[in-house]
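The structure under discussion appears below in the form of C-alpha coordinates.
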Amino acid sequence: MPSAHWPRCRSRCSRHRALRTTPRSRSSPAAVERLSEDRDLRPVLVQLDDDTALPPGGLTGLLRGLDDAELATAIPVYLEQGSVWSRLVAGFVNGSALVTYLPMARLAPPVSVNGMALAMRTADLASAGGYAAIARATCDDYALARAFRRRGLRIAQTTQPVLLATTVAGPREYLRIMRRWLLFAGEVVRRDPSPRLLLVAGLPSLLPLAAVVTAALVPGRRARTTALAGALGTVAVAQTGTWWLRRTLWRKHRGAAPGGPSARGLALEIAAALLTPVHLLAAIGPRTVTWRGRRVCVGVGE
(Lines give C-alpha, C1' and ligand atoms only; values in the text may rest on other atoms or scores of the structure.)
Protein backbone atom coordinates (compact mmCIF):
# COMPACT_ATOMS: atom_id res chain seq x y z
CA MET A 1 0.00 0.00 0.00
CA PRO A 2 1.80 3.17 -1.18
CA SER A 3 0.48 5.58 1.44
CA ALA A 4 -2.03 5.96 4.24
CA HIS A 5 -3.31 9.17 5.81
CA TRP A 6 -5.79 9.45 8.65
CA PRO A 7 -7.62 12.79 8.44
CA ARG A 8 -10.69 13.33 10.61
CA CYS A 9 -13.76 14.39 8.64
CA ARG A 10 -17.32 15.21 9.58
CA SER A 11 -20.39 14.60 7.44
CA ARG A 12 -23.92 15.80 8.18
CA CYS A 13 -24.98 12.54 9.78
CA SER A 14 -21.97 10.90 11.39
CA ARG A 15 -18.30 11.07 12.18
CA HIS A 16 -15.88 9.20 9.95
CA ARG A 17 -12.26 8.20 9.92
CA ALA A 18 -11.00 7.94 6.35
CA LEU A 19 -8.15 5.83 5.02
CA ARG A 20 -6.71 7.04 1.71
CA THR A 21 -5.12 4.25 -0.29
CA THR A 22 -4.75 2.82 -3.79
CA PRO A 23 -6.32 -0.65 -3.50
CA ARG A 24 -6.44 -1.32 -7.24
CA SER A 25 -2.66 -1.64 -7.26
CA ARG A 26 -2.18 -3.42 -3.91
CA SER A 27 -5.17 -3.57 -1.56
CA SER A 28 -4.39 -4.39 2.05
CA PRO A 29 -7.13 -6.31 3.92
CA ALA A 30 -5.01 -5.85 7.07
CA ALA A 31 -5.30 -2.07 6.73
CA VAL A 32 -9.07 -2.32 6.44
CA GLU A 33 -9.19 -4.60 9.48
CA ARG A 34 -6.99 -2.21 11.47
CA LEU A 35 -9.23 0.72 10.52
CA SER A 36 -12.33 -1.22 11.62
CA GLU A 37 -10.96 -1.76 15.13
CA ASP A 38 -11.75 1.85 16.14
CA ARG A 39 -15.17 1.55 17.82
CA ASP A 40 -15.55 5.28 18.49
CA LEU A 41 -15.85 6.30 14.82
CA ARG A 42 -17.63 4.96 11.76
CA PRO A 43 -14.60 4.05 9.62
CA VAL A 44 -14.68 4.82 5.91
CA LEU A 45 -12.33 3.59 3.19
CA VAL A 46 -11.50 6.12 0.45
CA GLN A 47 -10.16 4.44 -2.69
CA LEU A 48 -8.11 6.44 -5.20
CA ASP A 49 -6.29 5.32 -8.32
CA ASP A 50 -2.55 5.99 -8.30
CA ASP A 51 -2.94 8.65 -11.03
CA THR A 52 -5.74 10.58 -9.31
CA ALA A 53 -6.02 13.28 -6.66
CA LEU A 54 -8.93 14.91 -4.88
CA PRO A 55 -8.80 18.74 -5.04
CA PRO A 56 -8.82 20.77 -1.79
CA GLY A 57 -12.09 20.07 0.00
CA GLY A 58 -12.73 17.09 -2.25
CA LEU A 59 -12.64 14.52 0.53
CA THR A 60 -15.49 16.27 2.31
CA GLY A 61 -17.46 16.45 -0.94
CA LEU A 62 -16.99 12.75 -1.61
CA LEU A 63 -17.86 11.69 1.94
CA ARG A 64 -21.04 13.76 1.77
CA GLY A 65 -22.35 11.14 -0.66
CA LEU A 66 -22.39 8.63 2.19
CA ASP A 67 -25.13 10.56 3.98
CA ASP A 68 -27.72 8.81 1.81
CA ALA A 69 -25.83 5.81 0.40
CA GLU A 70 -23.31 3.11 1.26
CA LEU A 71 -20.95 3.74 -1.69
CA ALA A 72 -20.10 7.17 -3.12
CA THR A 73 -18.22 7.89 -6.34
CA ALA A 74 -16.78 11.04 -7.94
CA ILE A 75 -16.70 12.56 -11.44
CA PRO A 76 -13.38 12.12 -13.34
CA VAL A 77 -11.77 15.25 -14.79
CA TYR A 78 -8.57 14.78 -16.78
CA LEU A 79 -5.90 17.48 -16.67
CA GLU A 80 -4.96 18.71 -20.15
CA GLN A 81 -1.28 17.91 -20.43
CA GLY A 82 1.28 15.75 -22.20
CA SER A 83 1.34 14.45 -25.78
CA VAL A 84 -1.53 14.65 -28.24
CA TRP A 85 -2.35 11.02 -27.37
CA SER A 86 -2.61 11.85 -23.67
CA ARG A 87 -4.80 14.82 -24.55
CA LEU A 88 -7.06 12.68 -26.76
CA VAL A 89 -7.62 10.31 -23.82
CA ALA A 90 -8.37 13.36 -21.68
CA GLY A 91 -10.72 14.65 -24.37
CA PHE A 92 -12.67 11.39 -24.44
CA VAL A 93 -13.19 11.31 -20.66
CA ASN A 94 -13.82 15.03 -20.25
CA GLY A 95 -16.24 15.13 -23.16
CA SER A 96 -18.35 12.18 -21.99
CA ALA A 97 -18.14 11.63 -18.21
CA LEU A 98 -20.12 14.64 -17.04
CA VAL A 99 -23.03 14.09 -19.43
CA THR A 100 -23.11 10.34 -18.83
CA TYR A 101 -22.73 9.75 -15.09
CA LEU A 102 -24.91 12.60 -13.81
CA PRO A 103 -27.96 12.22 -16.13
CA MET A 104 -28.00 8.44 -15.61
CA ALA A 105 -27.91 8.92 -11.84
CA ARG A 106 -30.85 11.33 -12.11
CA LEU A 107 -32.95 8.79 -13.98
CA ALA A 108 -32.29 5.80 -11.70
CA PRO A 109 -29.78 4.46 -9.15
CA PRO A 110 -26.32 3.91 -10.71
CA VAL A 111 -25.55 0.40 -11.94
CA SER A 112 -21.78 0.98 -11.96
CA VAL A 113 -19.23 3.35 -10.44
CA ASN A 114 -16.18 5.32 -11.44
CA GLY A 115 -13.49 3.48 -9.52
CA MET A 116 -10.99 6.35 -9.80
CA ALA A 117 -12.39 7.76 -6.54
CA LEU A 118 -14.72 5.90 -4.17
CA ALA A 119 -15.76 6.14 -0.54
CA MET A 120 -17.44 3.36 1.43
CA ARG A 121 -17.81 2.30 5.05
CA THR A 122 -15.59 -0.64 5.88
CA ALA A 123 -18.56 -2.50 7.38
CA ASP A 124 -20.49 -2.18 4.10
CA LEU A 125 -17.46 -3.30 2.07
CA ALA A 126 -17.16 -6.35 4.31
CA SER A 127 -20.86 -7.18 3.95
CA ALA A 128 -20.49 -7.02 0.15
CA GLY A 129 -17.67 -9.59 0.30
CA GLY A 130 -14.69 -7.24 0.56
CA TYR A 131 -12.06 -6.89 -2.12
CA ALA A 132 -11.89 -10.67 -2.31
CA ALA A 133 -15.27 -10.57 -4.10
CA ILE A 134 -13.73 -8.71 -7.05
CA ALA A 135 -10.25 -10.26 -7.04
CA ARG A 136 -10.86 -12.08 -10.33
CA ALA A 137 -12.53 -9.14 -12.09
CA THR A 138 -10.96 -7.05 -14.83
CA CYS A 139 -13.98 -4.70 -14.68
CA ASP A 140 -13.36 -4.20 -10.97
CA ASP A 141 -15.35 -0.95 -10.74
CA TYR A 142 -18.45 -2.62 -12.15
CA ALA A 143 -17.86 -5.80 -10.15
CA LEU A 144 -17.71 -3.79 -6.92
CA ALA A 145 -20.96 -1.99 -7.80
CA ARG A 146 -22.63 -5.34 -8.53
CA ALA A 147 -21.44 -6.73 -5.18
CA PHE A 148 -22.97 -3.75 -3.35
CA ARG A 149 -26.21 -3.94 -5.35
CA ARG A 150 -26.61 -7.66 -4.58
CA ARG A 151 -26.66 -6.78 -0.88
CA GLY A 152 -29.19 -4.02 -1.41
CA LEU A 153 -26.59 -1.33 -0.65
CA ARG A 154 -27.12 2.07 -2.28
CA ILE A 155 -24.71 3.84 -4.64
CA ALA A 156 -24.45 7.64 -4.84
CA GLN A 157 -23.03 9.47 -7.86
CA THR A 158 -21.74 12.76 -6.47
CA THR A 159 -20.79 15.92 -8.41
CA GLN A 160 -17.39 15.97 -6.69
CA PRO A 161 -14.63 16.05 -9.34
CA VAL A 162 -11.47 13.98 -9.01
CA LEU A 163 -8.40 15.07 -11.00
CA LEU A 164 -6.47 12.66 -13.20
CA ALA A 165 -3.23 12.81 -15.17
CA THR A 166 -2.14 9.94 -17.41
CA THR A 167 0.86 9.69 -19.73
CA VAL A 168 0.07 7.96 -23.04
CA ALA A 169 3.29 7.25 -24.93
CA GLY A 170 1.97 6.88 -28.46
CA PRO A 171 -0.81 5.74 -30.80
CA ARG A 172 -0.59 2.03 -29.90
CA GLU A 173 -1.03 2.69 -26.21
CA TYR A 174 -3.86 5.12 -26.97
CA LEU A 175 -5.66 2.49 -29.06
CA ARG A 176 -5.17 -0.16 -26.35
CA ILE A 177 -6.57 2.12 -23.66
CA MET A 178 -9.60 3.10 -25.71
CA ARG A 179 -10.38 -0.49 -26.70
CA ARG A 180 -10.07 -1.67 -23.09
CA TRP A 181 -12.31 1.08 -21.75
CA LEU A 182 -14.99 0.48 -24.35
CA LEU A 183 -14.88 -3.26 -23.71
CA PHE A 184 -15.46 -2.47 -20.04
CA ALA A 185 -18.38 -0.23 -20.96
CA GLY A 186 -19.72 -2.99 -23.19
CA GLU A 187 -19.70 -5.36 -20.22
CA VAL A 188 -22.06 -3.01 -18.36
CA VAL A 189 -24.40 -2.80 -21.38
CA ARG A 190 -24.29 -6.58 -21.84
CA ARG A 191 -25.18 -7.37 -18.21
CA ASP A 192 -27.39 -4.41 -17.29
CA PRO A 193 -29.13 -3.33 -20.51
CA SER A 194 -31.81 -0.69 -20.07
CA PRO A 195 -33.40 2.06 -22.19
CA ARG A 196 -31.80 4.79 -20.05
CA LEU A 197 -28.33 3.25 -20.45
CA LEU A 198 -28.67 3.00 -24.21
CA LEU A 199 -30.18 6.47 -24.47
CA VAL A 200 -27.74 8.35 -22.22
CA ALA A 201 -24.51 6.43 -22.86
CA GLY A 202 -24.89 4.58 -26.16
CA LEU A 203 -26.74 7.01 -28.40
CA PRO A 204 -24.37 10.00 -27.93
CA SER A 205 -21.41 7.76 -28.81
CA LEU A 206 -22.98 6.69 -32.11
CA LEU A 207 -24.53 10.01 -33.16
CA PRO A 208 -21.31 11.59 -34.51
CA LEU A 209 -20.70 8.64 -36.84
CA ALA A 210 -24.36 8.48 -37.86
CA ALA A 211 -24.42 12.20 -38.63
CA VAL A 212 -21.25 12.12 -40.71
CA VAL A 213 -22.21 8.94 -42.61
CA THR A 214 -25.71 10.28 -43.34
CA ALA A 215 -24.28 13.59 -44.55
CA ALA A 216 -21.78 11.78 -46.77
CA LEU A 217 -24.62 9.93 -48.51
CA VAL A 218 -26.46 13.12 -49.49
CA PRO A 219 -26.54 13.35 -53.32
CA GLY A 220 -24.77 16.28 -54.93
CA ARG A 221 -21.35 17.62 -54.03
CA ARG A 222 -22.53 20.98 -52.75
CA ALA A 223 -25.39 19.51 -50.72
CA ARG A 224 -23.06 16.87 -49.33
CA THR A 225 -20.51 19.50 -48.25
CA THR A 226 -23.26 21.49 -46.55
CA ALA A 227 -24.59 18.39 -44.79
CA LEU A 228 -21.14 17.40 -43.59
CA ALA A 229 -20.50 20.90 -42.26
CA GLY A 230 -23.84 20.77 -40.45
CA ALA A 231 -23.06 17.35 -38.94
CA LEU A 232 -19.64 18.45 -37.72
CA GLY A 233 -21.15 21.68 -36.40
CA THR A 234 -23.75 19.73 -34.43
CA VAL A 235 -21.03 17.61 -32.80
CA ALA A 236 -18.99 20.74 -32.06
CA VAL A 237 -21.97 22.50 -30.44
CA ALA A 238 -22.78 19.46 -28.28
CA GLN A 239 -19.17 19.16 -27.08
CA THR A 240 -18.95 22.89 -26.45
CA GLY A 241 -21.96 22.60 -24.14
CA THR A 242 -20.26 19.82 -22.20
CA TRP A 243 -17.02 21.82 -22.09
CA TRP A 244 -18.88 24.83 -20.67
CA LEU A 245 -20.53 22.75 -17.95
CA ARG A 246 -17.18 21.29 -16.93
CA ARG A 247 -15.62 24.77 -16.95
CA THR A 248 -18.33 25.90 -14.53
CA LEU A 249 -17.69 22.86 -12.32
CA TRP A 250 -13.92 23.52 -12.39
CA ARG A 251 -14.36 27.16 -11.33
CA LYS A 252 -16.69 26.09 -8.52
CA HIS A 253 -14.17 23.66 -7.05
CA ARG A 254 -10.82 25.06 -8.21
CA GLY A 255 -11.37 28.80 -8.66
CA ALA A 256 -8.61 30.34 -10.78
CA ALA A 257 -6.27 27.35 -10.46
CA PRO A 258 -4.43 26.41 -13.70
CA GLY A 259 -5.20 23.26 -15.66
CA GLY A 260 -8.89 23.87 -16.32
CA PRO A 261 -10.77 23.52 -19.62
CA SER A 262 -9.02 25.28 -22.52
CA ALA A 263 -9.83 26.01 -26.16
CA ARG A 264 -7.24 23.43 -27.25
CA GLY A 265 -8.85 20.90 -24.96
CA LEU A 266 -12.24 21.60 -26.53
CA ALA A 267 -10.84 20.93 -30.01
CA LEU A 268 -9.49 17.56 -28.86
CA GLU A 269 -12.81 16.72 -27.18
CA ILE A 270 -14.53 17.24 -30.53
CA ALA A 271 -11.91 15.03 -32.21
CA ALA A 272 -12.35 12.37 -29.50
CA ALA A 273 -16.14 12.42 -29.99
CA LEU A 274 -15.72 11.85 -33.73
CA LEU A 275 -13.24 9.01 -33.09
CA THR A 276 -15.36 7.23 -30.44
CA PRO A 277 -17.57 5.35 -32.96
CA VAL A 278 -14.42 4.05 -34.64
CA HIS A 279 -13.16 2.76 -31.29
CA LEU A 280 -16.55 1.17 -30.65
CA LEU A 281 -16.25 -0.76 -33.91
CA ALA A 282 -12.72 -1.83 -32.93
CA ALA A 283 -14.09 -3.22 -29.65
CA ILE A 284 -16.37 -5.66 -31.51
CA GLY A 285 -15.01 -9.19 -31.42
CA PRO A 286 -12.92 -11.10 -28.86
CA ARG A 287 -13.19 -9.64 -25.33
CA THR A 288 -9.50 -10.16 -24.53
CA VAL A 289 -7.05 -7.44 -23.48
CA THR A 290 -3.56 -7.16 -22.07
CA TRP A 291 -4.27 -6.36 -18.43
CA ARG A 292 -1.46 -5.75 -15.93
CA GLY A 293 0.99 -7.73 -18.05
CA ARG A 294 -1.37 -10.66 -18.67
CA ARG A 295 -3.68 -11.60 -21.52
CA VAL A 296 -7.14 -11.86 -19.97
CA CYS A 297 -10.81 -11.97 -20.93
CA VAL A 298 -12.80 -8.92 -19.86
CA GLY A 299 -15.36 -9.78 -17.18
CA VAL A 300 -16.58 -9.20 -13.64
CA GLY A 301 -15.02 -12.31 -12.14
CA GLU A 302 -18.22 -14.30 -11.68
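The values are calculated or read from the model by the stated rules, or taken from the named source; none is laboratory data. Remember, it's a predicted structure, so these values are computed and weren't measured experimentally. Because the Cβ atoms are built from the backbone with ideal geometry, glycine has one as well, and the counts that use them run over all protein chains shown. Calculation scope for accessible area: heavy atoms of the full protein, side chains included, ligands and nucleic acids excluded. Shrake-Rupley method; radii C 1.70, N 1.55, O 1.52, S 1.80 Å.
Before we move on, is Val113 out of contact with any strand residue (DSSP E or B) (no Cβ under 8 Å at 6 or more places or on another chain), β-branched (Val, Ile, Thr) and part of a loop (DSSP other than H, G, I, E, B)? Criteria not met by Val113. Screening Ala132 on (1) assigned to a loop (DSSP other than H, G, I, E, B); (2) open to solvent by 40 Å² or more (accessible area, probe 1.4 Å) shows it passes everything except condition (1).
Give the residue that is farthest from Pro277 (Cα to Cα), with candidates limited to residues of the range 135-154 that are open to solvent by 20 Å² or more (accessible area, probe 1.4 Å) and of a type in the set (A, V, I, L, M, F, W, C).
To start, the set of residues in the range 135-154 that are open to solvent by 20 Å² or more (accessible area, probe 1.4 Å) comprises 135-136, 141, 146, 149-154.
In the following step, the residues that additionally are of a type in the set (A, V, I, L, M, F, W, C) were identified as 135, 153.
Working: Ala135: 31, Leu153: 34 Å.
Among those residues, the one meeting the criterion is Leu153.
Can you find even one residue in the range 100-110 that is open to solvent by less than 10 Å² (accessible area, probe 1.4 Å) and either modelled with pLDDT of 85 or more or in a loop (DSSP other than H, G, I, E, B) (or both)? No. Within the range 215-231, restricting attention to residues that are part of a loop (DSSP other than H, G, I, E, B) and not β-branched (Val, Ile, Thr), the residue that is nearest to the chain's Cα centre (by Cα) is Leu217. Being closer than 26 Å to Arg287 by Cβ, of a type outside the set (Val, Ile, Thr) and either under 14 Å from the mean Cα position of the chain (by Cα) or surrounded by fewer than 17 Cβ atoms within 10 Å (Cβ to Cβ) (or both): is that true of Pro161 here? So Pro161 fails the test. Is there a residue being acidic (Asp, Glu) and at pLDDT below 75 anywhere in the range 264-273? Within the range 264-273, not a single residue is acidic (Asp, Glu) and at pLDDT below 75.
Among the residues making up the range 111-121, a single one is open to solvent by 10 Å² or more (accessible area, probe 1.4 Å) and polar (S, T, N, Q): Ser112. Kindly evaluate Val218 against the criterion of being open to solvent by 50 Å² or more (accessible area, probe 1.4 Å), at pLDDT 75 or above and among the β-branched types (Val, Ile, Thr). No: the conditions fail for Val218. Applying the condition of being open to solvent by less than 40 Å² (accessible area, probe 1.4 Å) and in a helix (DSSP H, G or I) to the range 60-86 and asking which residue is farthest from Met116 (Cα to Cα) yields Asp67.
Taking residues in the range 123-141 that are more than 16 Å from Val298 (Cβ to Cβ) and without any contact (Cβ under 8 Å) to a residue 60 or more places away in the chain, and partners anywhere that are open to solvent by 40 Å² or more (accessible area, probe 1.4 Å) and part of a loop (DSSP other than H, G, I, E, B), the pairs with Cβ atoms closer than 9 Å and at least 6 places apart or on different chains are Asp124/Arg151; Ser127/Arg151; Ala128/Arg151; Gly129/Arg151.
Every residue, every condition in (1) of a type outside the set (A, V, I, L, M, F, W, C); (2) farther than 26 Å from Ile134 by Cβ; (3) at pLDDT 85 or above; (4) touching a Cys at 6+ places or on another chain (Cβ under 9 Å), yes or no:
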| site | (1), (2), (3), (4) |
| --- | --- |
| Ser25 | yes, no, no, no |
| Ala31 | no, no, no, no |
| Pro55 | yes, yes, yes, no |
| Ser96 | yes, no, no, no |
| Val113 | no, no, yes, no |
| Leu118 | no, no, yes, no |
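May I ask you to list the residues in the range 169-185 that are at pLDDT 90 or above and under 30 Å from Arg251 (Cβ atoms)? If the condition is that a residue be at pLDDT 90 or above and under 30 Å from Arg251 (Cβ atoms), then Tyr174 is the only one that fits.
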